[in-house]
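The values are calculated or read from the model by the stated rules, or taken from the named source; none is laboratory data. Computed from a predicted model, the values in this text were never measured in an experiment. Cβ sites come from the backbone with ideal geometry, for glycine too, and all protein chains shown count toward neighbours.
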Ligand code: GRF
């Protein structure tokens, strides 16, 4: 049986799209059961629709964090989800949520953690002047962008690279690293 995934998004959803493509062409042995979002009207929800993936919005704005998370937990339990895959989900998960699904939540972050956790990580690394940038996939614990590292991928920043160019390079790395790492993890578990 293929593992059942819930992918949590808040925006563009390019990582979700890359995972959906990898599932469709057999690179990633998993089923994306549902895409969940904390807000309506985002591009990622439309993209999920084009893949025929069921999606649901649990508006943190309307419901408040506690209730929205309770509803998220309910949906994830009811649908018998094996893995919760964060792909640009911009909400901090409560310790209650993390403990409910302990060691079953995975995140991708656009820096070489533990450097540059939090928002705007690519820009922060760029402004700092790092020579190596990259991407991390990790299991989620109750700290932000923190938990056992599953995989990292790094690139050298060539002199003269603009921030926009770096962002593009990092997103390309993400779209490759995420499905590969998930596949390895699912094979082992
Ligand atoms: C990605 O850079 C991801 O690493 C970070 O948020 C961004 C989401 O981008 N957590 P997208 O919505 O997948 O295009």
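Summed over the range 2-32, residues that are under 18 Å from residue 77 (Cβ atoms) and either touching a residue at least 60 places away in the same chain (Cβ under 8 Å) or surrounded by fewer than 18 Cβ atoms within 10 Å (Cβ to Cβ) (or both) total 7. Kindly evaluate residue 68 against the criterion of being in contact (Cβ under 8 Å) with a residue 24 or more places away in the chain and either surrounded by fewer than 16 Cβ atoms within 10 Å (Cβ to Cβ) or under 21 Å from residue 180 (Cβ atoms) (or both). Criteria not met by residue 68. Among the residues of the range 148-170, just one is under 18 Å from the mean Cα position of the chain (by Cα) and either assigned to a loop (DSSP other than H, G, I, E, B) or on the phi > 0 side of the Ramachandran plot (or both), namely 148.
Conditions (1) within 12 Å of the ligand (Cβ to nearest atom); (2) surrounded by 18 or more Cβ atoms within 10 Å (Cβ to Cβ); (3) part of a loop (DSSP other than H, G, I, E, B), marked per residue:
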| residue | (1), (2), (3) |
| --- | --- |
| 116 | yes, yes, yes |
| 123 | yes, no, no |
| 143 | no, no, yes |
| 146 | no, no, yes |
| 172 | yes, no, no |
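Is the range 95-110 home to any residue that is away from the ligand (no atom under 14 Å from the Cβ), within 17 Å of residue 157 (Cα to Cα) and assigned to a loop (DSSP other than H, G, I, E, B)? For the range 95-110, residues away from the ligand (no atom under 14 Å from the Cβ), within 17 Å of residue 157 (Cα to Cα) and assigned to a loop (DSSP other than H, G, I, E, B): absent.
The listed residues are 19, 28, and the only one of them that is touching a helix residue (DSSP H, G or I) at 6+ places or on another chain (Cβ under 6 Å), modelled with pLDDT of 95 or more and in a loop (DSSP other than H, G, I, E, B) turns out to be 28. The numbered conditions (1) under 18 Å from the mean Cα position of the chain (by Cα); (2) outside any helix (DSSP H, G or I); (3) more than 16 Å from the ligand (Cβ to nearest atom) are all true for residue 80 except (1).
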